[in-house]
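The values are calculated or read from the model by the stated rules, or taken from the named source; none is laboratory data. As the structure is a computational prediction, the values presented were derived from the model and not from experiment. Cβ atoms come from the backbone with ideal geometry, glycine included; neighbour counts cover every protein chain shown.
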């Protein structure tokens with residue numbers, strides 16, 4: 001009888017350990033929750049040990065599970081390092097290229113430009129991940145990212161392209177007169193993620209509390225467009241939207257919303273990645289007045 005676990009089993013184990021949830025692990029792996037549950041049962045049966053205990057806070061590693069995690073995570077790092085080393089020597093302008101960024105950046109701005117790059121390089125297979133949750137480039141969940149941060153992780157390299165200005169927007173025609181209304185009287189729209197609200201509203205309008213919430217900044221903008229309330233939105237998507245108006249002329253900026261294109265140093269010589277990083281940089285810098293709220 002073969003009691004060894006496969007590397008695919010280890011992927012399931014790591015996903016559960018990192019998310020502490022079968023449902024979130026399933027979402028990360030792109031499978032169903034019952035599949036994750038069955039794989040965990042199979043792994044524990046093969047090893048003859050319990051790796052997790054179920055608690056009110058989710059799946060917590062047992063002592064044996066914690067030791068197993070340390071070993072498996074170290075092996076994962078070595079495998080990813082080997083993959084990056086090979087990828088870094090790849091001079092072909094073909095193959096898979098995985099980009100991750102926020103949904104509002106890709107759907108509200110960058111998606112409209114991607115056809116230009118793919119028309120130049122039709123042998124590249126682009127994979128897009130639109131998520132507020134940063135994917136790990138070190139673990140090869142993505143090859144390249146456009147992130148909004150004051151400083152990217154020390155393990156990655158990249159280029160700062162500028163900063164993003166924000167302003168308060170309302171649906172065109174819903175704000176009467178030349179005087180901005182009292183913010184306390186407005187229905188504000190924010191994110192379901194309270195940490196994001198603290199970062200956005202806490203930076204610019206700390207006394208404001210969202211009334212309506214969603215899990216997508218693109219949906220926030222759509223809700224404002226529909227007249228359901230007002231919100232702080234990035235100028236690069238809101239200013240070109242004819243259905244929106246700035247509530248007043250003020251724009252907000254902060255270094256934590258600087259734009260970076262980042263990737264792993266081991267893959268910097270990969271030709272398709274270099275070409276794509278150049279394309280991202282050129283596209284954003286050509287529209288930097290839009291990102292900084294000066295194109296009105």
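Here are the numbers for this structure:
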{"quantity": "Sole residue being surrounded by 23 or more Cβ atoms within 10 Å (Cβ to Cβ) and in the same structural domain as residue 188 (by TED's automatic domain parsing), chosen from 233, 228, 247", "calculated": "233"}
{"quantity": "Residue list for segment 263-278, restricted to those being modelled with pLDDT of 90 or more and buried (at least 18 other Cβ atoms within 10 Å of the Cβ)", "calculated": "276, 277"}
{"quantity": "Qualifying residue in segment 169-190 (condition: within 30 Å of residue 138 (Cα to Cα), touching a residue at least 12 places away in the same chain (Cβ under 8 Å), buried (at least 18 other Cβ atoms within 10 Å of the Cβ) and touching a helix residue (DSSP H, G or I) at 6+ places or on another chain (Cβ under 8 Å))", "calculated": "no"}
{"quantity": "Residue in segment 18-29 that is modelled with pLDDT of 85 or more, closer than 13 Å to residue 72 by Cα and surrounded by 15 or more Cβ atoms within 10 Å (Cβ to Cβ) present", "calculated": "yes"}
{"quantity": "Residue in segment 96-113 that is surrounded by 15 or more Cβ atoms within 10 Å (Cβ to Cβ), more than 29 Å from residue 255 (Cβ to Cβ), touching a residue at least 40 places away in the same chain (Cβ under 8 Å) and in contact with a helix residue (DSSP H, G or I) (Cβ under 9 Å, 6 or more places away or on another chain) present", "calculated": "no"}
{"quantity": "So residue 286, is it loosely packed, with under 15 Cβ neighbours inside 10 Å and within 22 Å of residue 102 (Cα to Cα)", "calculated": "yes"}
{"quantity": "Close pairs (9 angstrom Cβ cut-off, 6 or more residues apart or separate chains): under 13 Å from residue 19 (Cα atoms) in segment 52-67, exposed (fewer than 10 other Cβ atoms within 10 Å of the Cβ) anywhere", "calculated": "60/54"}
{"quantity": "Residues that are more than 18 Å from residue 72 (Cβ to Cβ) and assigned to a helix (DSSP H, G or I), drawn from segment 30-49", "calculated": "33, 34, 35, 37, 38"}
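Residue by residue, here is whether (1) touching a helix residue (DSSP H, G or I) at 6+ places or on another chain (Cβ under 9 Å); (2) under 21 Å from residue 110 (Cβ atoms); (3) in the same structural domain as residue 139 (by TED's automatic domain parsing) holds:
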| position | (1), (2), (3) |
| --- | --- |
| 217 | yes, yes, no |
| 238 | yes, yes, no |
| 261 | yes, yes, yes |
| 264 | yes, yes, yes |
| 270 | yes, yes, yes |
| 273 | yes, yes, yes |
| 278 | no, yes, yes |
